[in-house]
Amino acid sequence: MFFYFSPLVIKIFFLKKQNDNFYSLGFETSSSTASFCIFEFCRNPETQRKAQEEIDRVLKAHGGKLTYENIAEMKYLDACIDETLRKHPIASFLVRLASTDFRIPGTNAIIEKGTSIFIPVLGIQRDPNIFEDPLAFKPERFLNSSNGNGNSKGLFYMPFGDGPRECEKIFFQNNF
Ligand code: HEM
């Protein structure tokens, strides 16, 4: 049997799939991150107090109005979310499939085309060689550094993934 799908139908299928993705990938990730953040606040009341003080201060300065711009002024709260995502990345590992043979730079090791690759995000983000005292909840790491460690080079903070399949949240953050 032969089916013909017009470009419009294919586009509708694609948009429907993206819509499903937005719900399934956007909802659980955000709610789990909020839950982990509250969990860390309970274990570290001093961080909760600082975040609360900042929220009160910013809201007071803007007559109690909660807007997108006001939230952007809450740098400590932002650092709390970053630190939550470091310690509790929702995707604890990323999966990729090698599309070509690839030699790891500086070595003779070849990753052959078709090999599945698992990137251990949780292990990397809790590596004591990268993050000092990795099991401690320290939002301050992210106050002056977007990746939590101004001294280390390379890719080691990736709670939203990286590359072409990176979370579309990054897209939203950068474009709206
Ligand atoms: C704290 C919140 C979130 C976290 C931690 C998170 C994390 C991730 C991660 C790790 C990936 C895989 C990236 C990769 O393989 O490189 C991903 C993909 C994705 N995320 Fe999120 N996400 C969050 C919120 C959202 C929201 C709010 C939306 C939509 C409104 C969303 C939509 C997507 C979509 C559509 C993909 C698939 C992208 C693709 O495969 O091309 N995410 N997310």
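Quick one: work out Rg over Rh on the C-alpha atoms of the stretch 120-171, Rh as Kirkwood radius.
Ratio of gyration radius to Kirkwood radius: 0.97.
Mind listing the phi-derived Karplus ³J(HN,Hα) values for the stretch 81-98, rounded to whole Hz, using 6.51, -1.76 and 1.60 with θ = phi - 60°, and x for any glycine or proline?
Here the 3J(HN,Hα) series is 5, 4, 5, 4, 5, 6, 6, 10, x, 5, 8, 6, 8, 10, 10, 9, 10, 5 Hz.
Step through the table entries LYS65/LYS153; LYS87/LYS153; LYS75/LYS153, compare each Cα-Cα distance with 29 Å, and write down the pairs that go over it.
LYS65/LYS153
Among THR29, THR84, THR107, which comes first, then next, by fewest other beta-carbon atoms within 10 Å?
Exposure proxy ranking, most exposed first: THR107, THR29, THR84.
Can you work out the Karplus-derived ³J(HN,Hα) for every residue in the stretch 55-60? Use 6.51 cos²θ - 1.76 cosθ + 1.60 with θ = phi - 60°, whole Hz, and x for glycine or proline.
4, 4, 5, 5, 5, 4
For LEU94, list long-range residues whose amide hydrogen, built 1.01 Å from N in the peptide plane, is under 5 Å from its own amide hydrogen.
ILE119, VAL121
What are the principal axis extents of the Cα atoms in the stretch 7-175, in Å, biggest first?
Dimensions of the stretch 7-175 along the principal axes of its Cα atoms: 56, 50, 24 Å.
Through the Karplus equation 6.51 cos²θ - 1.76 cosθ + 1.60, θ set to phi - 60°, convert the phi angles of the stretch 28-34 into ³J(HN,Hα) values in whole Hz; use x for Gly and Pro.
Whole-Hz 3J(HN,Hα) from phi for the stretch 28-34: 5, 4, 5, 5, 5, 5, 4.
FYI, it's all coordinate maths here, none of it is from the lab. The structure presented is a predicted model; accordingly, all values stated were derived computationally and were not measured. Positions of Cβ are generated from backbone atoms using ideal geometry, with glycine treated the same way; all protein chains shown enter the neighbour counts.
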